[in-house]
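**Student:** Structure provided below as structure tokens; questions to follow.
The values are calculated or read from the model by the stated rules, or taken from the named source; none is laboratory data. The structure presented is a predicted model; accordingly, all values stated were derived computationally and were not measured. Note that we place each Cβ from the backbone using ideal geometry, even for glycine, and neighbour counts take in every protein chain shown.
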Amino acid sequence: MSSLPLTLGFVPLIDCAPLVIARELGFAEDEGLALTLLPQPSWSALRDMLALGHLDAAQMLSPMPVAMSLGWGGLAAQVDALMVLSVNGTVFGLSRDFAARLPSHPGFGDPVAAARALAQAQDSPIRVGVPFPYSMHRLLLDYWVEFSPELDASQFEIVTVPPPRMADAVAQGTLDAFWVGEPWGSAAVARGVADLVLPGRAIWAFAPEKVLAARHGWIAENPETVSALIRAVHTAAHWLDTPRNTSLAVEILARSEHLDLPRETIDPALSGQLSPALGHAPVPVDRFLMFHRNTATFPWRSQAAWIAARLGADAAEQERARDFYRSDIYRDSLGPIGVDLPGASEKVEGAMRHATAVASSRGHMILGPDAFFDGGTFDRHPKT
């Protein structure tokens, strides 16, 4: 029996890995699917390709389905997130020139120290590159600025730069700082033009970074295909989070049809060993990037509501946003094959400072820390 062809879009980043591995290692073929992966030059290009029906599904920034479905920014379309592809995996960095002008270097990994250092740059706005307006990168930056007493939004000028061009923009002096997904932060370090200051997890310990998304109508018309795709990508995510597979994952991603980058630029994100500056020894970052651990693939409806709230949505829009993260389809696709599923589809975001056992279908679920750096929480239904 021939496999069903599907065309999926992606932007060349480490966290496209579940799609790449699902195809390259035959997990999609095992589910009767033949995946074609089409790289896109920017998130706006990928958005339009999906909305216009040129792609069946796509890797997307986690806020994109919420923004598109609420009709915000560019081409609107009702798009749902079927599952999370990756948690964390981003970095905030400074150009070497800008860092040299600061009275003190903020070091690596401390959001409070980094805020104090940036507060000393008062002469002109700090030009910060982010890959897309509706991105977790932008939301983490905004959250950090809002809840750091030393910082003010007026200090920052936000510039949209596609991830593969971020290092070039830093080298050309267009940017003072950037927030980008790996491997493009490490690529800037390798070129000697930037220092890394924070991993994204320093702001939110469990931030959904990329999702697998598709048009709402296409999902409704192809339920069996959707379930097969979820199963294939879930298997790939589990494979990726198995340490013995890291070396092969790096080799596959380095190929020209995927990231087309040296292995040493790709390895830091998958190994969790990041070099903050050229010539510096790697620093271990726990939970830097997760594909499967701690139920990383589950599309929490509360996270969709948090995203909507941070984008400025009102209460009714936040309620609608919950429905764009399809935990119902995820459950229907993976429950029958014995995957342990959370007992609820929402939680209080930011409430867990340590690994926590929670109710689940098989009783074996441990969720990882999900704290915000300032100790805040988000509860869509707070107790009165």
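**Student:** Kindly indicate which of VAL339, VAL233, VAL285 is touching a Gly at 6+ places or on another chain (Cβ under 6 Å) and in contact (Cβ under 8 Å) with a residue 24 or more places away in the chain. Write out each step before concluding.
**Tutor:** Numbers: VAL339 fails: touching a Gly at 6+ places or on another chain (Cβ under 6 Å); VAL233 fails: touching a Gly at 6+ places or on another chain (Cβ under 6 Å).
Answer to the check: VAL285.
**Student:** Can you spot a residue in the stretch 342-355 that is charged (D, E, K, R), surrounded by fewer than 14 Cβ atoms within 10 Å (Cβ to Cβ) and within 29 Å of GLU224 (Cβ to Cβ)?
**Tutor:** Looking only at the stretch 342-355, we keep the residues that are charged (D, E, K, R), and these are 346-347, 349, 353.
Retained after the next criterion (residues that are surrounded by fewer than 14 Cβ atoms within 10 Å (Cβ to Cβ)): 353.
Remaining after also requiring within 29 Å of GLU224 (Cβ to Cβ): none.
No: the stretch 342-355 contains no residue that is charged (D, E, K, R), surrounded by fewer than 14 Cβ atoms within 10 Å (Cβ to Cβ) and within 29 Å of GLU224 (Cβ to Cβ).
**Student:** Just to be sure I understand the filter: pairs with C-beta atoms under 6 Å, separated by 6 or more residues or on different chains, first member in the stretch 23-52 and at negative phi, second member in a helix (DSSP H, G or I) and of a type in the set (Val, Ile, Thr). Which pairs pass?
**Tutor:** GLU24/ILE252; PHE27/THR235
**Student:** Something else about it: Identify, from the list GLU157, GLU264, the residue that is free of Cβ contacts under 8 Å to residues at least 60 places away in the same chain and surrounded by fewer than 16 Cβ atoms within 10 Å (Cβ to Cβ).
**Tutor:** Values: GLU264 fails: free of Cβ contacts under 8 Å to residues at least 60 places away in the same chain.
Being free of Cβ contacts under 8 Å to residues at least 60 places away in the same chain and surrounded by fewer than 16 Cβ atoms within 10 Å (Cβ to Cβ) holds for just one of GLU157, GLU264, which is GLU157.
One line per residue, one yes/no per condition, for (1) without any contact (Cβ under 8 Å) to a residue 60 or more places away in the chain; (2) within 26 Å of PRO63 (Cβ to Cβ); (3) out of contact with any Asp or Glu (no Cβ under 8 Å at 6 or more places or on another chain):
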{"position": "LEU85", "(1), (2), (3)": "no, yes, no"}
{"position": "GLY89", "(1), (2), (3)": "no, yes, no"}
{"position": "PHE92", "(1), (2), (3)": "no, yes, yes"}
{"position": "PRO103", "(1), (2), (3)": "yes, no, yes"}
{"position": "ARG127", "(1), (2), (3)": "yes, yes, no"}
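**Student:** Suppose we filter SER154, SER86, SER148 for residues that are in contact with a strand residue (DSSP E or B) (Cβ under 9 Å, 6 or more places away or on another chain) and of a type in the set (S, T, N, Q); which single one remains? Lay out the reasoning, then the answer.
**Tutor:** Values: SER154 fails: in contact with a strand residue (DSSP E or B) (Cβ under 9 Å, 6 or more places away or on another chain); SER148 fails: in contact with a strand residue (DSSP E or B) (Cβ under 9 Å, 6 or more places away or on another chain).
Only one candidate qualifies: SER86.
**Student:** Testing SER302 on (1) within 18 Å of the chain's Cα centre (by Cα); (2) more than 30 Å from ALA114 (Cα to Cα), one condition comes back false. Which one is that?
**Tutor:** Condition (2) is where SER302 drops out.
**Student:** Tally up the residues in the stretch 194-214 that are surrounded by 22 or more Cβ atoms within 10 Å (Cβ to Cβ) and either assigned to a loop (DSSP other than H, G, I, E, B) or charged (D, E, K, R) (or both), please. Spell out how you get there, then give the answer.
**Tutor:** Initially, the stretch 194-214 is screened for residues surrounded by 22 or more Cβ atoms within 10 Å (Cβ to Cβ), giving 194-201, 203-204, 206-214.
After this cut, where a residue has to be either assigned to a loop (DSSP other than H, G, I, E, B) or charged (D, E, K, R) (or both) as well, the list is 195, 201, 203, 206-207, 209-210.
Number of matching residues: 7.
**Student:** Which pairs do you get when a residue that is among the aliphatic types (A, V, I, L, M), found in the stretch 137-149, comes within reach of a residue that is buried (at least 20 other Cβ atoms within 10 Å of the Cβ) and part of a helix (DSSP H, G or I), reach meaning Cβ atoms under 6 angstrom, with the pair 6+ apart or on two chains?
**Tutor:** Correct list of pairs: LEU140/GLY200.
**Student:** Given the criteria of a type outside the set (Ser, Thr, Tyr) and within 19 Å of the chain's Cα centre (by Cα), does PRO18 qualify?
**Tutor:** So PRO18 passes the test.
**Student:** Any residue that is hydrophobic (A, V, I, L, M, F, W, C) and either in the same structural domain as ALA167 (by TED's automatic domain parsing) or out of contact with any strand residue (DSSP E or B) (no Cβ under 7 Å at 6 or more places or on another chain) (or both) - is there at least one of those in the stretch 357-364? Step through it out loud before you land on a result.
**Tutor:** Of the residues in the stretch 357-364, the ones hydrophobic (A, V, I, L, M, F, W, C) are 357-359.
Next cut, either in the same structural domain as ALA167 (by TED's automatic domain parsing) or out of contact with any strand residue (DSSP E or B) (no Cβ under 7 Å at 6 or more places or on another chain) (or both) only: 359.
The answer is yes, given that some residue of the stretch 357-364 is hydrophobic (A, V, I, L, M, F, W, C) and either in the same structural domain as ALA167 (by TED's automatic domain parsing) or out of contact with any strand residue (DSSP E or B) (no Cβ under 7 Å at 6 or more places or on another chain) (or both).
**Student:** Could you say which residue among PHE178, PHE147 is in contact with an Asp or Glu (Cβ under 9 Å, 6 or more places away or on another chain) and of a type in the set (Phe, Trp, Tyr)? Explain how you work it out, then say what you get.
**Tutor:** Details: PHE178 fails: in contact with an Asp or Glu (Cβ under 9 Å, 6 or more places away or on another chain).
Within the list PHE178, PHE147, the selection yields PHE147.
**Student:** Something else: Consider the stretch 253-298. How many of its residues are of a type in the set (A, V, I, L, M, F, W, C), within 24 Å of TRP144 (Cβ to Cβ) and in contact with an Asp or Glu (Cβ under 9 Å, 6 or more places away or on another chain)? Give the steps one after another, and end with the answer.
**Tutor:** Residues of the stretch 253-298 of a type in the set (A, V, I, L, M, F, W, C): 253-254, 259, 261, 266, 269-270, 274, 277-278, 281, 283, 285, 288-291, 296, 298.
Now narrow it down to the ones that are within 24 Å of TRP144 (Cβ to Cβ): 269, 274, 277, 283, 285, 288-290, 296.
Pick out the ones that are also in contact with an Asp or Glu (Cβ under 9 Å, 6 or more places away or on another chain) and you get 269, 274, 277, 288-290, 296.
The total comes to 7.
**Student:** For THR265, all conditions in the list (1) assigned to a helix (DSSP H, G or I); (2) within 25 Å of GLU319 (Cβ to Cβ) hold save one; what is the number of the exception?
**Tutor:** Every condition holds for THR265 apart from (2).
**Student:** Can you name the number of the only condition in (1) over 28 Å from GLY185 (Cα atoms); (2) touching an Asp or Glu at 6+ places or on another chain (Cβ under 9 Å); (3) not assigned by TED's automatic domain parsing to the domain that holds ARG215 that ARG301 fails?
**Tutor:** (3)
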